[in-house]
Amino acid sequence: RSGSDALARNVRRPLGGLGNRRRSSMRRSMPASVAGDRFCTNTFGAGLASAWLLPATLLSFIFARSFTHCSAEVQCGGHSAANCAACPQGHGESWCNGDCMWERSTGRCIDIPFGSQDLYELLELADTAGPSEIKQAYRRLSLVHHPDKNPNADAQHFRAIRDAYEVLSNPETRVLYDTGGMQAVKNAASGNAEKGEGLQKVVELPLEVFYRGMKRTVPVRRRVICRQCRRKRDPTRCKGCIECPPTTEIVHIRHGGMIFPQQRQKPSNEDCRQDIVELEVTLEPGAFPGDRIVFANMGSQTPGEIPGDVTVVLKQQKHERGWARHGNDLVLPINLTVREALLGFDRMIRHIGGNTVQVGTSSVTRPGQLIKVAGMGMPLKGSPSQFGDLYLVASVIFPTELTEAQRVELEGVRALSDAPDMPNRQEL
């Protein structure tokens, strides 16, 4: 047949379906550049292992266009396969490692963009480096390895540095890389990664904080994957590390002529430890109790999953001086004597904002009456230059008893006996 017919025939017959004897003989007779420990295939699959029979020009075209992911003669227990995707027992994902990662959407191994080198090592950083340290390292390495700055620089190495910076400088992709390597970054980009459970933290704050606003660090206890344990256990950093929780996967069990889905637990090959992370919560003036501040992907980590979110819920503490909040308004109870209730009063009140407010009236104040002080309430969220109102709730404190002289004095006050809106004594 023609070269194209032979190619089509080879594509339709994956190497994973060949017998061990035929595959071994083919590998023995293949050129060294093809029959090495690792060679690359992509769209045409493992069947291109026999492509060495094709003309040299067509063979070079195939290698140039199609060989974009790694495969190898892999062993697992008592059986073997040409590559991860061709595993006869479906264990391709667990075999895929080293310079490859498993792409769930296509069910095959693909190249890791930067090989197996750790991204932190590419940027010459510790995995505890902060955002500013990552940026400084990238700028420093760019001066050394950028082809425009250094004619002798390796362009491929600079691209690896640049791509590593793009992953680690983004908080979302960095946490994905820390939890599951480039596999997790790739799965999240293709929408195939599951998101783990989130955490909720309730923070109680005084009313003064809701009024003024502030920045505050909130400690959150969570489970993290230990990256150090992947390489070499460190007696200090890996102290307290234990095996991460198993993951749940769906398997299909054949029973007679029926196939049933069944859940089973898959042990983890990662180690985890408990960690306390300090999250900086920013409250703007006028924030409300019940407001939720979400920190994306900062929850507990599980291998192969996008970490869940940490949600900080604001709660207001009960005020010791009786201040309360109703929407954007403030409410304060105020106790008046009988004299102040009848003749008026003038008070200086210490506001929760720290300033002193003068309040008062010259009219009669009834028990339970609201006295409005305009513009002395809470600042409006999003518009801190505007304020609600302050309402004073009046309570009149009556004497528990009167002396004889006080009684005579009050009986002589005509205004008390001529009070309006009082029913006639005979009507009672």
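Key figures for this structure:
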| quantity | calculated |
| --- | --- |
| Restraint check, 201/318; 215/381; 201/315; 135/239; 215/315; 149/186, Cα-Cα greater than 22 Å | 135/239; 149/186 |
| Cα convex hull of the stretch 191-297 - mean projected area over all directions, nm² | 11.4 nm² |
| Built amide H within the under 5 Å cut-off of residue 198, gap 5+ | 309 |
| Extension gain, residue 194 back to residue 363 (0.36 nm per residue minus Cα-Cα distance, nm) | 54.1 nm |
| Volume per residue that the Cα convex hull of the stretch 221-374 spans, once the total is divided by residue count, Å³ | 227 Å³ |
| Assigned charges on the beta-carbon of Lys, Arg, Asp, Glu; the stretch 247-352 dipole about Cα centre (debye) | 460 debye |
| Spin-label model distance (nm) - residue 215 vs residue 396, 7 Å beyond Cα toward Cβ | 5.2 nm |
| Under the Karplus curve 6.51 cos²θ - 1.76 cosθ + 1.60, θ = phi - 60°, whole-Hz ³J(HN,Hα) for the stretch 182-195, x wherever Gly or Pro sits | 5, 4, 5, 4, 5, 5, 5, 5, 8, x, 9, 8, 8, 9 |
| Length released on extending from residue 132 to residue 403, taking residue separation times 0.36 nm less the Cα-Cα span | 89.9 nm |
| Dipole of the stretch 314-421 [Lys/Arg +1, Asp/Glu -1 at C-beta], most positive-end residue of 342, 399, 330 | 330 |
| Relative contact order (%) - criterion: Cα under 8 Å, at least six apart; region: the stretch 130-185 | 24 percent |
| 5 angstrom amide H check on residue 281, placed H, neighbours 5+ away | 216, 217, 218 |
| Solvent-accessible heavy-atom area per residue, rounded to whole Å², over the stretch 234-393 at 1.4 Å | 59 Å² |
| Length-normalised contact order for the stretch 297-428 - Cα pairs under 8 Å, 6+ apart - percent | 21 percent |
| Debye intensity ratio in log₁₀ form over the Cα atoms of the stretch 334-383, taken at each q of 0.16, 0.19, 0.24, 0.32 Å⁻¹ | -0.54, -0.71, -0.97, -1.30 |
| For the stretch 185-226, convex hull of alpha carbons as volume per residue, Å³ | 147 Å³ |
| Note, ³J(HN,Hα) from phi for the stretch 368-379, Karplus 6.51, -1.76, 1.60, rounded to Hz, x at Gly and Pro | x, 5, 9, 10, 8, 10, 5, x, 10, x, 7, x |
| Model label zone, residue 201; criterion: amide N under 19 Å from point 7 Å along Cα-to-beta-carbon; scope the stretch 265-291 | 273-284, 288-291 |
| Residue among 202, 169, 226 farthest towards the positive dipole end of the stretch 156-245, charges placed on Cβ | 226 |
| Computed over the stretch 288-341: relative contact order in percent, which uses C-alpha pairs under 8 Å that are six or more apart | 27 percent |
| Amide H contacts of residue 360 (H built 1.01 Å from N, under 5 Å, at least 5 apart or other chain) | 347 |
| Dipole magnitude of the stretch 320-376, debye to nearest 20 (Cβ charges: Lys/Arg +1, Asp/Glu -1, about Cα centre) | 40 debye |
| Debye, to nearest 20: dipole size of the stretch 210-287, +1 on Lys, Arg Cβ, -1 on Asp, Glu Cβ | 280 debye |
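The values are calculated or read from the model by the stated rules, or taken from the named source; none is laboratory data. Source: prediction; values computed, not measured. No Cβ is skipped: glycine too gets one built from the backbone with ideal geometry, and neighbour counts run over all protein chains shown. The area values use the complete protein model at the heavy-atom level, side chains included, leaving out ligands, DNA and RNA. Shrake-Rupley method; radii C 1.70, N 1.55, O 1.52, S 1.80 Å.
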